[in-house]
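> If you scroll down you'll find the structure; I have some questions about it.
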Amino acid sequence: MQLDQPLENWDVIVVGAGPAGSALARRLQPQCKVLLLERQDRDASEIPRIGESLPGAAKVLLNRLGVLESFLNEGHAERRATISTWDCDDPVYFDSMRDPNGPGWHLDRQRFDAGLRAASVEAGATLLEGCGQFQVKRSDDRWQILLEDTGQIHQAKFLVDATGQSANLARQLGISRHVDDPMICLYAYLSCESNDDDHCTRISADHNGWWYSVRVPSGHRVLAFHLDSADPELKTLRRPDYLLAKARALPILAEALVGYMPASVYARPAASAKLDLDAMVATAPGFFAIGDALLSFDPIASQGLFHALASAESAARAILRCPEEMVSARVAFLDEMRAVHRRYRQYLNATYAGVVRFRDEPFWSIRRGMESRQYRIMSENIIHESNYNRKYCHYYM
Ligand SMILES: Cc1cc2nc3c(=O)[nH]c(=O)nc-3n(C[C@H](O)[C@H](O)[C@H](O)COP(=O)(O)OP(=O)(O)OC[C@H]3O[C@@H](n4cnc5c(N)ncnc54)[C@H](O)[C@@H]3O)c2cc1C
């Protein structure tokens, strides 16, 4: 790293302006001078982001960020009932009104991400979009980031990885990320000429994976199938007509897919993953990871966005406790994340153990780690996101 450029000083540099990074940058205002680095330009055309279900418990966190009112005006749809055929062909209903935290939302994901990013800037964070590649190093008790495109060097006491599943910054620092299972999500945003007034979340187990489908505020219907990355059917299912035909073989999906046309199929890694938290402890103080960069969740849990906001809140509290409690604040943050991960794994194992009807199929047998009679009984309840959220969110609240 060449140090012939003037250094720009910050309190905190956050890399990645997704929900986690933007929430943290906003939450640290006005106490900290924050630089938020994002590799994508605002106008970059991107494939549609998947991940639209936000539990009602997130209201507390949005309120704490001071963005609840603007969020409620962004046009997100209230969540309705969830219908699942997880271990039986008879649909099981869960009405989101029964969730004590409120029903939650189906997001317009682009607006949600953009709203949080704008809120961080409005509060005083400096956002640098299209930041390009960078190098990172530690020097004199500070983190330094050299932006390769411009040669600018930024330094701060705190450095935060909020780069999502890539955990780009942590990997540059040599911290490994353990991916639990090689699952892929194939998804499409379907359009329909007739009027689709079904607002339920539909979830179903299948022989070699599981499905969900839901309408989003744009009027499209998301259709998503999760399967192993080594599944021989993966290539075929990337064909839009095949994906739709396979979904239509399941009655719970077929009835909601009437009139829909095949649409481009996108693929995205969807496995659980965890950064090596012990290696993080060993990394110099002042380094944090939040959101998917720290822990990413299987989409069946619908926890990723809540965790993005909640881990940003926890990291903000730790950073604001420094410098007096520099080491202990970070240790407490990591302990909290370990506990979140333990609890998540417990419910995830129970969820997958619940599918007994396909127990001999490879997709299900490799995920049946902690099978027990107790788990099987719990499973049809856990599949309904609200129950999952209730247990998980209580850890944070
Ligand atoms: C199939 C699927 C379905 C899902 N469904 C749900 C759901 O229903 N509900 C839910 O809550 N969650 C869901 N999720 C998870 C949710 O989308 C993520 O948990 C959430 O987006 C994590 O937010 P984040 O800010 O940590 O990361 P991201 O949203 O991934 O944001 C990371 C940001 O960092 C930027 N970035 C990356 N690398 C760099 C770099 N080197 N330099 C600068 N910037 C960089 C990216 O451009 C991006 O803007 C789902 C995920 C998948 C895969």
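The values are calculated or read from the model by the stated rules, or taken from the named source; none is laboratory data. This is a predicted model, so every value here is computed, not measured. Reconstructed Cβ throughout: ideal geometry from the backbone, glycine too, with neighbour counts over all protein chains shown. Accessible surface areas use protein heavy atoms only, side chains included; no ligands, DNA or RNA. Shrake-Rupley method; radii C 1.70, N 1.55, O 1.52, S 1.80 Å.
> Would you say residue 132 is touching a Gly at 6+ places or on another chain (Cβ under 7 Å), small (Gly, Ala, Ser) and open to solvent by 10 Å² or more (accessible area, probe 1.4 Å)? Reasoning before the result, please.
Numbers: touching a Gly at 6+ places or on another chain (Cβ under 7 Å): no; small (Gly, Ala, Ser): yes; open to solvent by 10 Å² or more (accessible area, probe 1.4 Å): yes.
In short, no.
> If you don't mind, there's one more thing I want to ask. Report whether or not residue 10 is more than 14 Å from the ligand (Cβ to nearest atom) and closer than 22 Å to residue 252 by Cβ.
Numbers: more than 14 Å from the ligand (Cβ to nearest atom): yes; closer than 22 Å to residue 252 by Cβ: no.
Against the criterion (more than 14 Å from the ligand (Cβ to nearest atom) and closer than 22 Å to residue 252 by Cβ), residue 10 does not qualify.
> Which residue out of 204, 194 is assigned to a strand (DSSP E or B), away from the ligand (no atom under 13 Å from the Cβ) and within 30 Å of residue 239 (Cβ to Cβ)?
Values: 194 fails: assigned to a strand (DSSP E or B).
Unique residue meeting the criteria: 204.
> Hey, can you tell me all the residues within segment 282-328 that are in a helix (DSSP H, G or I), out of contact with any helix residue (DSSP H, G or I) (no Cβ under 6 Å at 6 or more places or on another chain), more than 9 Å from the ligand (Cβ to nearest atom) and open to solvent by 30 Å² or more (accessible area, probe 1.4 Å)?
Residues satisfying the conditions are 282, 317, 320, 326, 327, 328.
> Among the listed residues 102, 75, 151, identify the single one that is over 29 Å from residue 265 (Cα atoms), assigned to a loop (DSSP other than H, G, I, E, B) and under 23 Å from the mean Cα position of the chain (by Cα). Spell out how you get there, then give the answer.
Values: 75 fails: over 29 Å from residue 265 (Cα atoms); 151 fails: under 23 Å from the mean Cα position of the chain (by Cα).
Criteria check complete, one pass: 102.
> Give all pairs with beta carbons closer than 6 Å in which a residue from segment 240-257 that is without any contact (Cβ under 8 Å) to a residue 40 or more places away in the chain meets a residue that is of a type in the set (Gly, Ala, Ser) and open to solvent by 10 Å² or more (accessible area, probe 1.4 Å); count only pairs at least 6 apart in sequence or on separate chains.
Between residues of segment 240-257 that are without any contact (Cβ under 8 Å) to a residue 40 or more places away in the chain and residues that are of a type in the set (Gly, Ala, Ser) and open to solvent by 10 Å² or more (accessible area, probe 1.4 Å), the close pairs are 248/254.
> Okay, moving on. Residue by residue through segment 160-185, note down the ones that are more than 12 Å from the ligand (Cβ to nearest atom) and assigned to a strand (DSSP E or B). Walk me through it before giving the result.
Taking segment 160-185 first, the residues more than 12 Å from the ligand (Cβ to nearest atom) are 173-182.
Of everything in segment 160-185, those that are more than 12 Å from the ligand (Cβ to nearest atom) and assigned to a strand (DSSP E or B) turn out to be 177, 178, 179.
> Would you tally the residues in segment 156-174 being surrounded by fewer than 21 Cβ atoms within 10 Å (Cβ to Cβ) and in contact (Cβ under 8 Å) with a residue 60 or more places away in the chain?
The first filter runs over segment 156-174 and keeps only residues surrounded by fewer than 21 Cβ atoms within 10 Å (Cβ to Cβ), leaving 157, 164-166, 168, 171-174.
Pick out the ones that are also in contact (Cβ under 8 Å) with a residue 60 or more places away in the chain and you get 157, 164-166, 168, 173-174.
Here the count works out to 7.
> On to the next question. Scan segment 235-281 residue by residue and report those that are touching an Asp or Glu at 6+ places or on another chain (Cβ under 8 Å), open to solvent by 30 Å² or more (accessible area, probe 1.4 Å) and within 16 Å of the ligand (Cβ to nearest atom).
Listed by number, the list holds a single entry, 274.
> May I pose another question? Residue 51 is checked against (1) within 9 Å of the ligand (Cβ to nearest atom); (2) part of a helix (DSSP H, G or I) and fails just one. What number does that condition carry?
(2)
> Report yes if residue 31 is modelled with pLDDT under 90, farther than 18 Å from residue 128 by Cα and either surrounded by 20 or more Cβ atoms within 10 Å (Cβ to Cβ) or more than 13 Å from the ligand (Cβ to nearest atom) (or both), otherwise no.
On the way: modelled with pLDDT under 90: no; farther than 18 Å from residue 128 by Cα: yes; either surrounded by 20 or more Cβ atoms within 10 Å (Cβ to Cβ) or more than 13 Å from the ligand (Cβ to nearest atom) (or both): yes.
Considered against the rule, which asks whether it is modelled with pLDDT under 90, farther than 18 Å from residue 128 by Cα and either surrounded by 20 or more Cβ atoms within 10 Å (Cβ to Cβ) or more than 13 Å from the ligand (Cβ to nearest atom) (or both), residue 31 comes out as no.
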